[in-house]
Amino acid sequence: MPHTTFSSRLKTFVPKSIQCLREGYSTQALRKDLFAGISVGVIAFPLALAVAIGAGISPERGLFTAVIAGFLISLLGGSRVLIGGPTSTFIVILYGIMVRHGFEGMLTVTLMAGAILMFFGLAGLGTYIKYIPYPVVTGLTTGIAVVIFSSQIKDFLGLQMGEVPLDFIGRWQAYWTHLDSWNPRSLLMGVGTLAIILYFRRFRPRYPGILIALTITGFVTWAFRIDISTIGGEYGTLPRTLPSPSLPYFDFKQILTLVPDALTIALLAGMESLLSAVVAEGMTGWRHQSNCELFAQGIANIGSAIFGGMPAAGSLSRTAANIKAGANTPFSGMIHALVVFVLMFFFAPFTSQIPLAALAAVLIMIAWNMSEIHHFLHLFTAPTKDVTVLLTVFILTVLINITAAVQVGMILAAFLFMKQMSDLSGVIATAKYFEENGATLEKAAKDPDALKKDEVPPGVEVYEIDGPFFFGVADRLKNLLNELERPPQIFILRMRKVPTIDASGMHALEEFYIECSRQGTLFLLAGVKKGPLQDLKRYHLDEMIGEDHIFAHINSALEFSRELLRVEKFKRALK
């Protein structure tokens with residue numbers, strides 16, 4: 001059996017590319033993948049440039065990432081049609097890392113994030129990362145979109161200023177201070193780029209509007225010798241080939257300071273990749289392997305760092321474009337990476353003519369798409385706790401940083417979830433409560449195992465835990481005996497509705513048993529399910545309480561109690 005379990009687990013890490021080859025790869029499938037790969041590669045090329053520049057990294061690094069990580073994600077991933085590469089999600093956090101730790105720090109954090117993603121996959125966390133609360137995800141993406149938009153104002157307006165401040169408020173104060181230095185040519189290029197992109201999106205959606213917009217603005221800048229900031233003027237001529245693989249310099253102290261950033265990038269990459277895989281699954285019906293995908297994302301990020309690239313993840317927009325173009329297997333993603341390389345080889349000299357204002361316009365458009373403002377506003381109709389999480393994550397993302405937003409958002413969501421579970425679970429006095437509460441009487445009428453007051457012998461108290469038995473319920477159990485007028489002779493705790501019990505629940509049971517013994521009350525358990533019973537045995541509570549005092553059904557516990565009370569009554573009569 002263990003061998004079978006290991007084998008079945010191992011199968012979940014077999015890449016979809018290998019599975020597709022085993023199924024048979026036809027010429028027709030190749031034609032579909034070739035067309036889709038070329039289409040997505042043309043889309044990915046300008047986006048890779050824009051994302052890298054938005055993060056404060058040389059544009060060629062975005063292209064290296066699209067080629068290396070994009071190829072590895074498709075080759076080793078758990079989705080048939082997922083497209084990976086540099087995404088706008090990382091822009092904000094990478095910009096901060098570049099400012100604080102430089103390029104080597106960015107490479108180090110990419111390596112670390114890759115290792116963390118591999119661990120996530122091997123540990124089987126892919127199933128759970130998909131369940132990160134929706135308000136957390138929405139607050140993050142909308143907040144990141146706002147920060148991306150605000151970071152592009154300098155290039156969009158052509159402001160003559162130094163480095164853009166990291167903090168949101170300081171950034172806008174700096175813009176206001178240098179507003180009189182705006183360049184009308186930059187603004188014209190930016191607005192023109194937006195207009196071209198919107199035109200193709202509205203009237204020619206099958207055409208690569210972003211690439212066409214950048215080609216037009218680049219050609220106009222070159223042909224008319226317009227004095228404006230360009231990729232070449234800021235970063236020099238782009239290389240036409242990939243760099244030699246090498247590892248970044250490791251500084252142990254720096255690694256420790258980069259752990260929170262690496263963990264944040266790994267979580268963001270996992271969230272975005274698995275969200276893209278889930279959407280792709282809904283569009284195609286082809287199921288994905290979450291843990292295999294996370295493992296592949298980890299290898300891809302390590303590969304990207306070795307070739308001087310930046311963090312990568314699955315891209316929802318490029319994945320959707322891949323599906324719409326007719327992709328059939330992961331080979332379309334590999335072809336897309338090769339197309340980016342070919343475009344880099346042939347068009348690297350021309351890309352130096354692209355105005356930074358045009359790339360800023362592309363990022364502004366990406367930010368608008370990313371914000372999903374209608375989803376953000378619609379969440380305000382959700383329960384107050386969800387709105388609280390949404391606004392907390394959004395504000396922290398905009399005003400502090402993504403790392404703080406992820407950490408606080410997840411902790412807050414976890415606490416609110418625990419509060420909700422605590423509200424759902426409870427400890428109730430079954431017999432008396434059914435007699436005194438009308439709503440519970442109605443509920444009891446539908447419950448064939450519900451107790452009536454006359455079924456419980458005098459001197460016996462029956463309480464029931466309704467829901468998971470964890471620390472939220474444990475605190476209520478501790479004070480239960482103090483709430484009673486006098487200690488009962490026998491206390492039965494009914495656990496038929498307890499699906500699981502945690503360490504806090506175990507400890508509470510132990511303390512409750514000790515308190516019952518101190519007050520001369522016999523403690524019985526009834527209706528304990530198989531799972532919780534195994535937990536009780538591991539905690540050795542069955543030995544403390546006594547196996548003969550743990551009953552499968554309440555009727556057995558009540559019959560035991562009646563017999564015991566009769567014996568006690570008979571003993572008192574003899575005295």
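Tell me which residues, restricted to segment 513-542, are over 27 Å from Arg486 (Cα atoms) and either more than 42 Å from the chain's Cα centre (by Cα) or in a helix (DSSP H, G or I) (or both). Can you show your working first?
Initial filter on segment 513-542 (over 27 Å from Arg486 (Cα atoms)): 529-540.
Of everything in segment 513-542, those that are over 27 Å from Arg486 (Cα atoms) and either more than 42 Å from the chain's Cα centre (by Cα) or in a helix (DSSP H, G or I) (or both) turn out to be Lys530, Gly531, Pro532, Leu533, Gln534, Asp535, Leu536, Lys537, Arg538.
Among the residues of segment 77-96, those that are within 14 Å of Gly309 (Cα to Cα) and of a type in the set (A, V, I, L, M, F, W, C) comprise Phe90, Ile91, Leu94.
Going by the structure shown, is Phe376 under 21 Å from the mean Cα position of the chain (by Cα) and either over 25 Å from Arg80 (Cβ atoms) or in the same structural domain as Pro59 (by TED's automatic domain parsing) (or both)? Please lay out each step first, then the result.
Working: under 21 Å from the mean Cα position of the chain (by Cα): yes; either over 25 Å from Arg80 (Cβ atoms) or in the same structural domain as Pro59 (by TED's automatic domain parsing) (or both): yes.
Answer is yes for this residue.
Could you go through segment 547-567 and let me know if any residue there is over 48 Å from the mean Cα position of the chain (by Cα), surrounded by 14 or more Cβ atoms within 10 Å (Cβ to Cβ) and more than 23 Å from Glu485 (Cβ to Cβ). Yes, the conditions are met somewhere in segment 547-567.
Taking the condition in a helix (DSSP H, G or I), modelled with pLDDT under 95 and surrounded by fewer than 17 Cβ atoms within 10 Å (Cβ to Cβ), does Arg202 pass? Please lay out each step first, then the result.
Details: in a helix (DSSP H, G or I): yes; modelled with pLDDT under 95: yes; surrounded by fewer than 17 Cβ atoms within 10 Å (Cβ to Cβ): yes.
Yes; evaluated as a whole, the condition is true for this residue.
If I filter segment 392-402 for residues that are out of contact with any His (no Cβ under 6 Å at 6 or more places or on another chain), closer than 30 Å to Leu76 by Cα, not charged (D, E, K, R) and not in a loop (DSSP other than H, G, I, E, B), do I get at least one hit?
Of all residues in segment 392-402, those out of contact with any His (no Cβ under 6 Å at 6 or more places or on another chain) come to 392-402.
With the extra rule that they be closer than 30 Å to Leu76 by Cα, the set shrinks to 402.
Imposing the further condition that a residue be not charged (D, E, K, R) reduces the set to 402.
After this cut, where a residue has to be not in a loop (DSSP other than H, G, I, E, B) as well, the list is 402.
Yes, that holds for at least one residue.
Considering Pro165, Pro133, the condition of being in contact (Cβ under 8 Å) with a residue 24 or more places away in the chain and on the phi < 0 side of the Ramachandran plot is satisfied by Pro133 alone.
The C-beta contact set for segment 516-533 (first residue in contact (Cβ under 8 Å) with a residue 60 or more places away in the chain, second residue loosely packed, with under 12 Cβ neighbours inside 10 Å and assigned to a helix (DSSP H, G or I), distance under 9 angstrom, 6+ apart or interchain) is empty.
Determine, yes or no, whether Ile395 is out of contact with any Pro (no Cβ under 9 Å at 6 or more places or on another chain), surrounded by fewer than 18 Cβ atoms within 10 Å (Cβ to Cβ) and at pLDDT 90 or above. Considered against the rule, which asks whether it is out of contact with any Pro (no Cβ under 9 Å at 6 or more places or on another chain), surrounded by fewer than 18 Cβ atoms within 10 Å (Cβ to Cβ) and at pLDDT 90 or above, Ile395 comes out as yes. For segment 528-556, a residue qualifies if it is modelled with pLDDT under 90 and aromatic (Phe, Trp, Tyr), and exactly one does: Tyr539.
Let's see how each residue does on (1) in contact with a helix residue (DSSP H, G or I) (Cβ under 8 Å, 6 or more places away or on another chain); (2) hydroxyl-bearing (Ser, Thr, Tyr):
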position	(1), (2)
Ser150	yes, yes
Gly158	yes, no
Ala174	no, no
Asp180	no, no
Phe200	yes, no
Phe203	no, no
Leu211	yes, no
Leu214	yes, no
Phe224	no, no
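For every residue, the table says whether it meets (1) in contact (Cβ under 8 Å) with a residue 40 or more places away in the chain; (2) closer than 27 Å to Ser246 by Cα.
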| position | (1), (2) |
| --- | --- |
| Lys16 | yes, no |
| Gln19 | no, no |
| Arg22 | no, no |
| Ser26 | no, no |
| Ala50 | yes, yes |
| Gly54 | yes, yes |
| Pro86 | yes, yes |
| Gly102 | no, yes |
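Applying the criterion of at least 2 residues that are touching a Phe, Trp or Tyr at 6+ places or on another chain (Cβ under 7 Å) to the helices (runs of 4 or more DSSP H) found wholly in segment 229-317 leaves 252-284, 290-306. Is it the case that segment 243-261 has a residue that's within 27 Å of Thr138 (Cβ to Cβ) and of a type outside the set (A, V, I, L, M)? Yes, that holds for at least one residue. Scan segment 67-77 and tell me whether some residue there is more than 23 Å from Leu343 (Cβ to Cβ) and either assigned by TED's automatic domain parsing to the domain that holds Ile335 or in contact with a Lys or Arg (Cβ under 9 Å, 6 or more places away or on another chain) (or both). Yes, some residue in segment 67-77 is more than 23 Å from Leu343 (Cβ to Cβ) and either assigned by TED's automatic domain parsing to the domain that holds Ile335 or in contact with a Lys or Arg (Cβ under 9 Å, 6 or more places away or on another chain) (or both). Of all the numbered requirements in (1) modelled with pLDDT of 95 or more; (2) within 19 Å of Ser317 (Cβ to Cβ); (3) under 24 Å from the mean Cα position of the chain (by Cα), Met112 misses one, and that requirement is (2). Among the residues making up segment 470-508, a single one is of a type in the set (Phe, Trp, Tyr) and modelled with pLDDT of 80 or more: Phe491.
Scanning segment 22-40 for residues that are over 20 Å from Thr319 (Cβ atoms) and of a type in the set (Phe, Trp, Tyr) gives a single hit, Tyr25.
From the set of residues in segment 205-228 that are part of a loop (DSSP other than H, G, I, E, B) and touching a residue at least 40 places away in the same chain (Cβ under 8 Å), which is surrounded by the fewest Cβ atoms within 10 Å (Cβ to Cβ)? Full working, then the answer.
Initially, segment 205-228 is screened for residues part of a loop (DSSP other than H, G, I, E, B), giving 205-208, 224-228.
Applying the additional criterion that residues be touching a residue at least 40 places away in the same chain (Cβ under 8 Å) yields 208, 226-228.
Values: Pro208: 20, Ile226: 16, Asp227: 10, Ile228: 19.
Ranking the qualifying residues of segment 205-228, first place goes to Asp227.
Taking the conditions exactly as written (part of a loop (DSSP other than H, G, I, E, B), under 17 Å from Leu242 (Cβ atoms) and either in the same structural domain as Ala48 (by TED's automatic domain parsing) or in contact with a Ser or Thr (Cβ under 7 Å, 6 or more places away or on another chain) (or both)), does Gly326 satisfy them or not? Considered against the rule, which asks whether it is part of a loop (DSSP other than H, G, I, E, B), under 17 Å from Leu242 (Cβ atoms) and either in the same structural domain as Ala48 (by TED's automatic domain parsing) or in contact with a Ser or Thr (Cβ under 7 Å, 6 or more places away or on another chain) (or both), Gly326 comes out as no. Is there a residue in segment 90-100 that is closer than 24 Å to Leu356 by Cα, surrounded by fewer than 24 Cβ atoms within 10 Å (Cβ to Cβ) and among the aromatic types (Phe, Trp, Tyr)? Checking segment 90-100: at least one residue is closer than 24 Å to Leu356 by Cα, surrounded by fewer than 24 Cβ atoms within 10 Å (Cβ to Cβ) and among the aromatic types (Phe, Trp, Tyr).
Cβ-Cβ distances below 7 Å connect the following pairs, each with a first residue in segment 288-310 that is in contact (Cβ under 8 Å) with a residue 12 or more places away in the chain, a second residue that is basic (Lys, Arg), and a separation of six or more residues or different chains: Ser290/Lys130; Gly308/Arg61; Gly309/Arg61; Met310/Arg61.
The values are calculated or read from the model by the stated rules, or taken from the named source; none is laboratory data. Keep in mind the model is a prediction, meaning the values are calculated, not measured. Positions of Cβ are generated from backbone atoms using ideal geometry, with glycine treated the same way; all protein chains shown enter the neighbour counts.
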